[in-house]
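S.K.: This is the structure I want to talk about, given as structure tokens.
The values are calculated or read from the model by the stated rules, or taken from the named source; none is laboratory data. The structure displayed is predicted, hence computed values, not measured ones. Backbone-built Cβ (ideal geometry, glycine too); neighbour counts: all protein chains shown. Ligands, DNA and RNA are stripped out before the accessible areas are found, and what is left, the full protein with its side chains, is counted by its heavy atoms. Shrake-Rupley method; radii C 1.70, N 1.55, O 1.52, S 1.80 Å.
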Amino acid sequence: MEQRFETSEYQQRLEQVKAKMEQQGVDVLLVSNPSNMNYLTGYDAYSFYVTQALIVIKEQNQPIWVGRRQDANGAKLTTWMDDEHIYYYTDDYMHSDTKHPMDVIANLFKKQKQDQRRIGVEMGSYFLSAMAYETFKSWLPDASFIDTTTLIGFVRMIKSNQELQYMRNAAANAEEAMQAGINSIQKGIPENEVAANIYYAQINGAEGIDGDYPSIAPLLLSGVKSSSPHLTWSGEVFNGDEIVTIELAGVHKRYHSPLARTIKLGEPSSKEKRLGDAVTDSLNQTLNAVKPGATCGDLALVWSDTIRKHGFEKYDRLGYSVGLSYPPNWGEHTASIRQYNQTVLEPNMTFHLIPGLWEADCGVEISETFVVTENGCETLANFRRELIKKEG
């Protein structure tokens with residue numbers, strides 16, 4: 001299979017991670033987050049529902065992949081590593097009452113003479129269960145453990161030129177999917193049909209750009225459901241006068257570019273129009289404030305100051321770093337755009353800015369994914385930024 005990046009880029013990423021390990025006093029990393037595994041090796045498979053790991057040893061020039069036996073060939077096909085760096089456990093370790101895949105991984109640490117070292121563990125990972133962690137620790141009583149949940153994530157925040165191109169391609173796919181959703185929304189059409197058309201467009205992609213499955217299902221919120229941003233679709237049909245929010249992501253080579261828009265079937269009410277104007281203006285003003293040297297907290301203050309002029313108050317998180325990801329979430333779990341966050345913006349960082357306003361009976365979301373440039377920002381999608389009116 002064709003590698004998505006040159007081997008030299010993977011090696012450079014590995015060296016950057018090792019430098020972070022040195023700063024944090026870590027000798028060896030146990031990586032469970034599949035996004036981080038992909039970032040360092042290229043490994044790409046829907047196998048993260050079982051125990052798998054990447055071991056990064058400070059003195060070795062290649063990581064070690066460990067996973068289920070039937071997935072080992074996938075590691076050989078998708079990674080840049082030599083085959084002797086790929087290990088597996090057999091299926092009798094899966095869902096067993098007497099043993100665990102972490103037994104094999106811990107034994108490999110012993111064989112590699114890493115069992116008495118300072119081990120970094122992604123303790124906040126979705127993919128490392130309490131049972132897995134406790135099993136791993138029990139085998140290595142002479143090791144010390146350090147939380148490295150965000151160590152690789154902060155390296156990932158600054159994208160290479162190739163990564164940015166993948167994200168621009170993902171944004172083109174997001175445009176296609178959003179337009180497919182908007183075109184499908186009409187009186188008498190069920191919500192699940194709209195969701196199906198969005199999914200088709202996400203995976204089919206824009207012309208000449210292959211799509212991929214998103215880390216989050218399309219969020220389709222109509223009527224009063226637009227007041228709660230994480231509901232999904234149902235089989236209800238549109239009656240022709242709803243406000244409808246769509247949040248989705250275009251995906252290319254596992255890189256995500258999220259996009260949200262709000263549509264009104266028929267004429268917006270005065271309240272809906274006011275919400276739409278506030279979100280659009282505040283989003284524009286916040287994007288105008290993006291520049292290297294500003295902090296995530298600076299952007300949040302611009303947002304809150306602007307919506308206050310429209311008569312609204314909101315202090316929640318309104319954005320986060322984004323890029324390479326697997327389910328169940330497309331964020332990088334590092335920097336958040338919210339008040340008091342002191343992360344300094346640097347060129348080639350990418351964020352999803354989604355400053356929604358949700359009232360008790362309706363809400364408006366309009367979002368952009370942007371990359372920090374040398375003197376401002378570039379929004380990756382090109383899609384009309386307003387409360388979109390459509391005839392019911």
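Here is a yes/no grid of residues against (1) open to solvent by 30 Å² or more (accessible area, probe 1.4 Å); (2) at pLDDT 95 or above:
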position	(1), (2)
322	no, yes
336	no, yes
339	yes, no
345	no, yes
348	yes, yes
361	yes, no
364	no, yes
372	no, yes
380	no, yes
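S.K.: For residue 17, all conditions in the list (1) touching a helix residue (DSSP H, G or I) at 6+ places or on another chain (Cβ under 7 Å); (2) surrounded by fewer than 19 Cβ atoms within 10 Å (Cβ to Cβ); (3) assigned to a helix (DSSP H, G or I) hold save one; what is the number of the exception?
M.R.: (2)
S.K.: Follow-up. Got a number for residues in the stretch 264-305 being surrounded by 20 or more Cβ atoms within 10 Å (Cβ to Cβ) and among the β-branched types (Val, Ile, Thr)?
M.R.: Qualifying residue count, the stretch 264-305: 3.
S.K.: List pairs: first in the stretch 170-191 and within 15 Å of residue 206 (Cβ to Cβ), second open to solvent by less than 20 Å² (accessible area, probe 1.4 Å) and part of a helix (DSSP H, G or I), Cβ under 6 Å, 6+ apart or cross-chain?
M.R.: Cβ pairs passing all conditions: 176/201; 177/198; 177/201; 177/202; 180/198; 180/201; 181/194; 181/198.
S.K.: In addition: Report every pair of residues separated by at least 6 positions or lying on different chains whose Cβ atoms are under 8 Å apart, first residue within the stretch 311-331 and in a loop (DSSP other than H, G, I, E, B), second charged (D, E, K, R) and open to solvent by 20 Å² or more (accessible area, probe 1.4 Å).
M.R.: Going by the 8 Å Cβ cut-off, the qualifying pairs are 311/274; 315/338; 316/338; 317/338; 318/338.
S.K.: It is to be established whether one or more residues within the stretch 247-256 are under 23 Å from the mean Cα position of the chain (by Cα) and in a loop (DSSP other than H, G, I, E, B).
M.R.: Looking for residues that are under 23 Å from the mean Cα position of the chain (by Cα) and in a loop (DSSP other than H, G, I, E, B), one finds at least one in the stretch 247-256, hence yes.
S.K.: Tally time: how many residues in the stretch 20-52 are out of contact with any Gly (no Cβ under 6 Å at 6 or more places or on another chain) and either at pLDDT below 95 or outside any loop (DSSP other than H, G, I, E, B) (or both)?
M.R.: Final tally of qualifying residues: 15.
S.K.: Sort out which residues of the stretch 53-77 are under 16 Å from residue 155 (Cα atoms) and part of a helix (DSSP H, G or I), and write them in order of number.
M.R.: none
S.K.: Count, please, the residues in the stretch 103-135 that happen to be open to solvent by less than 50 Å² (accessible area, probe 1.4 Å), in a helix (DSSP H, G or I), of a type outside the set (Val, Ile, Thr) and farther than 11 Å from residue 32 by Cα.
M.R.: Residues that pass the stated criteria total 4.
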